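To start, the structure itself, in structure tokens.
The values are calculated or read from the model by the stated rules, or taken from the named source; none is laboratory data. None of the values given here were measured: they were computed from a predicted structure. Backbone-built Cβ (ideal geometry, glycine too); neighbour counts: all protein chains shown. For the accessible areas, the whole protein counts, side chains as well, though only heavy atoms, and no ligand, DNA or RNA atoms are used. Shrake-Rupley method; radii C 1.70, N 1.55, O 1.52, S 1.80 Å.
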Amino acid sequence: LASLDGSDFRWQDDAPAAWRNLALWLGAAAVCGVLGALLEKKATAVVAIACGALFLGQLVSLIAVWVPEDKSSPNYQLSGDEELVLSKNRNIIVITLDQMSPLIFEQVLELDPDVENTFRDFVYYDNMSSAYSFTFPSMCFLLTGQHFDASVPTAEYVYNAWHSDGCESFYDALHRRGYTARAYVESNYAALTAENMIGKLDNVVKAGGLIVRWPLLKSTIAMSLYRYFPTMLKNDFCVSTGQVVDMAEYRGVGKVRINYDFYPAVRDEGLEAGQDENSFVWYHLQGAHFPFTVDYDGELIWPEAEETEENRLNQLHGYMVALREYFDQLKALGLYDDATIIVSADHGYFECFQAAFLIKTPSQSFETMQVTSAPVAQEDIMPTLLWAAGEDYSDYGTTVFDWSEGDTRVRTTSVWGYMRGYPDVPWIGNVDQWDAEANGFDRYNVFGVFHYVGDRDTILQMERDWYYQGRASEILPLYDSFY
């Protein structure tokens, strides 16, 4: 079966198994009906005894596997407090929209030409090479500047990335310039655990235990129904793990929203210029990624919309509505003109793994959104952020401003894949991760690495060669697999 993450479950893809499952359920119901008729007077007692036995069995199992909370080890979490609080002075704002390739961004521009007005003061780079194909390790790379190391366990790479000299120096530079650094992201994709971010991000805090409220309990009940009900009914009980995480709260700390409700939060709660220090803030929003829980107007919808290209575009447009509200409030607070704002993606999508990239620098103003096809790459983002903070970026590489249309540049993109000629690898995911093996195919064991000179059409063709023919510039075996 598909992963229990609320993704659209197409039982029709394996209809024979679904019909067998339904026959089993009907058979069980028929047996219960026959026994109830034959044992009319004893049926109530039989049912009560059976239910009692099942309950006792579950209780014994619960007691046997119960692990009390370990209070000796601090529970570090990213705090969602002050998510909408910005500086009265200088702000560097990065908004990452998941899976927003230049192709889908331009489709949204065609869908609603007014979106371009939202980015009137921005320069749109339509030829930015993404470093990786999925959220991990893209977010870890973007926040640390350290490329994935396939020669060591994933956990070791993540630890090394967040404790590298380059990462430490980057956040030290921000703090030296009077910036607080906060990120509102899913810590498991960016750092595996929030503990790795200590000393870098200022919204890492010690939290208490998990608070279980009714909405969280209700969702876990729905998840259980999704797991155990007949295959044909699963879509009626699907629940997104993202939604469950969104409900999770720890004592003493504000939760980090997964930001399905970003627009209602900005609209209803409002931005606040309540910080004297400069502010560096990074948001990771759902963007064009399923599950589709945001409609065309930016409002939260549940149950989620079906996974179609139309709904994918509708959701991304909904986030454009949210950004328009966000920028309007920045303007109302007098913060917009002096802010550096980047709107981009962690990665693209299978039709194009490039990432759309837009940037507005302080006092930058145009009549219409500017467009350039300069050969930029995600490696340029951290130097650009240091430039925005007024720091020397020469040790980190080049900014996006150092490249112009027509420049020749070799860029590299790595794409997850599975190849039977390479050893299978262990999966390092946990209950919060997606187990590819449970989804009917083998866990990824290689990266297809592409070195290319050209534009998005060039890398698009190379990625097609990878998926259909298994060809890449080089193939990098993995030590273990996050997916």
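Might you let me know whether region 102-116 holds any residue that is farther than 27 Å from Tyr349 by Cβ, of a type in the set (S, T, N, Q) and touching a residue at least 24 places away in the same chain (Cβ under 8 Å)? No.
Within region 86-119, the residues that satisfy the criterion of being over 19 Å from Phe401 (Cβ atoms), among the hydrophobic types (A, V, I, L, M, F, W, C) and open to solvent by less than 20 Å² (accessible area, probe 1.4 Å) are Leu86, Ile95, Leu97, Met100, Ile104, Phe105, Val108, Val115. In region 247-319, counting only strands (runs of 3 or more DSSP E) that sit wholly within it, the ones holding 3 or more residues that are of a type outside the set (Phe, Trp, Tyr), crowded, with 21+ Cβ neighbours inside 10 Å and touching a residue at least 24 places away in the same chain (Cβ under 8 Å) span 278-285.
Contact annotation: residue pairs with Cβ atoms under 9 Å, 6 or more positions apart or on different chains, pairing a residue in region 158-173 that is in contact (Cβ under 8 Å) with a residue 40 or more places away in the chain and of a type in the set (A, V, I, L, M, F, W, C) with a partner that is open to solvent by 20 Å² or more (accessible area, probe 1.4 Å) and part of a helix (DSSP H, G or I), are Phe170/Tyr396.
Where strands (runs of 3 or more DSSP E) fall wholly inside region 336-422, the ranges with 2 or more residues that are at pLDDT below 95 are 411-417. Checked against (1) closer than 22 Å to His289 by Cα; (2) surrounded by fewer than 24 Cβ atoms within 10 Å (Cβ to Cβ); (3) out of contact with any helix residue (DSSP H, G or I) (no Cβ under 6 Å at 6 or more places or on another chain), Leu333 meets all criteria but (1). Residues in region 366-394 that are polar (S, T, N, Q) and in contact (Cβ under 8 Å) with a residue 60 or more places away in the chain: Thr368, Gln370, Thr372, Ser373, Gln378.
Considering Ala30, Ala43, the condition of being open to solvent by less than 60 Å² (accessible area, probe 1.4 Å) and either at pLDDT 90 or above or touching a strand residue (DSSP E or B) at 6+ places or on another chain (Cβ under 8 Å) (or both) is satisfied by Ala30 alone. The residue that is modelled with the lowest pLDDT, counting only those in region 430-467 that are out of contact with any strand residue (DSSP E or B) (no Cβ under 8 Å at 6 or more places or on another chain), open to solvent by 60 Å² or more (accessible area, probe 1.4 Å) and not in a helix (DSSP H, G or I), is Val431. Cβ-Cβ contacts under 9 Å between residues 6 or more apart (or on different chains), taken from a first residue in region 49-75 that is under 29 Å from Ala207 (Cα atoms) to a second residue that is surrounded by 10 or more Cβ atoms within 10 Å (Cβ to Cβ) and of a type in the set (Asp, Glu), are listed as Pro74/Glu195; Asn75/Glu69.
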